[in-house]
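Worksheet: the structure to be examined is printed underneath.
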Amino acid sequence: MKYRVSLNGKDYEIEVEKGEAQVLSISDTPAAAAPVAAAPVAAPAAPAAAAPAPAAAGAGDPIVAPMPGVILEIAVAAGQAVKKGDLLVVLEAMKMENDIVAPRDGTVSAVVSSKGASVNTDDLLLTLL
């Protein structure tokens, strides 16, 4: 069965077959869109995560979580200059610490996440000018 789910401002088209789920497409949902009625759940849902990260507070390129996990450390602050490869965030996922590093030289325009926060894949962590 195929389902369309709206979560954290994104629309997901999901296909579920015999307890396995596959994401078919992801698209951004406009902010003023009306809520979509929830589709029936075919498989047990994962436990609810903490509140989602707020929308971008600063201008620049978004640095997002590459996987779900918990923020162990925020190594930068807004206004801080960083070089390519500098540590930005330490994300714990499946009992492993993952370093999120700067993809390029720049300045941190906003830190959106916080230490101890649970994040999902593609949640905004910070923005980089």
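Throughout, read-outs are computed from the coordinates displayed, never taken from laboratory work. Because the structure is predicted, anything quoted here is derived from the model rather than measured. Cβ sites come from the backbone with ideal geometry, for glycine too, and all protein chains shown count toward neighbours.
Descriptive notes on the structure:
- Taking each residue as 0.36 nm, the span from MET96 to GLU13 lengthens on full extension beyond its C-alpha to C-alpha distance by 26.9 nm.
- Distance between the modelled labels on LEU87 and VAL70, one decimal in nanometres: 1.8 nm (7 Å Cα→Cβ projection).
- Straight-distance candidates among the lysines for linking to LYS10, with alpha-carbon spacing under 20 Å and chain neighbours fewer than 8 residues away dropped: LYS2.
- Neighbourhood charge, 11 Å Cβ-Cβ cut-off, centred on VAL82 and excluding it, Lys, Arg +1 and Asp, Glu -1: +1
- Neighbour-count order for ASP11, ASP123, ASP99, fewest beta carbons within 10 angstrom listed first: ASP99, ASP11, ASP123
- Derived scalar couplings ³J(HN,Hα) [segment 64-79; Karplus, 6.51 cos²θ - 1.76 cosθ + 1.60; whole Hz; x for Gly, Pro]: 10, 5, x, 7, x, x, 10, 6, 8, 8, 10, 8, 10, 10, 4, x
- Using only Cα coordinates, the Kirkwood hydrodynamic radius of segment 52-129 works out to 12.1 Å.
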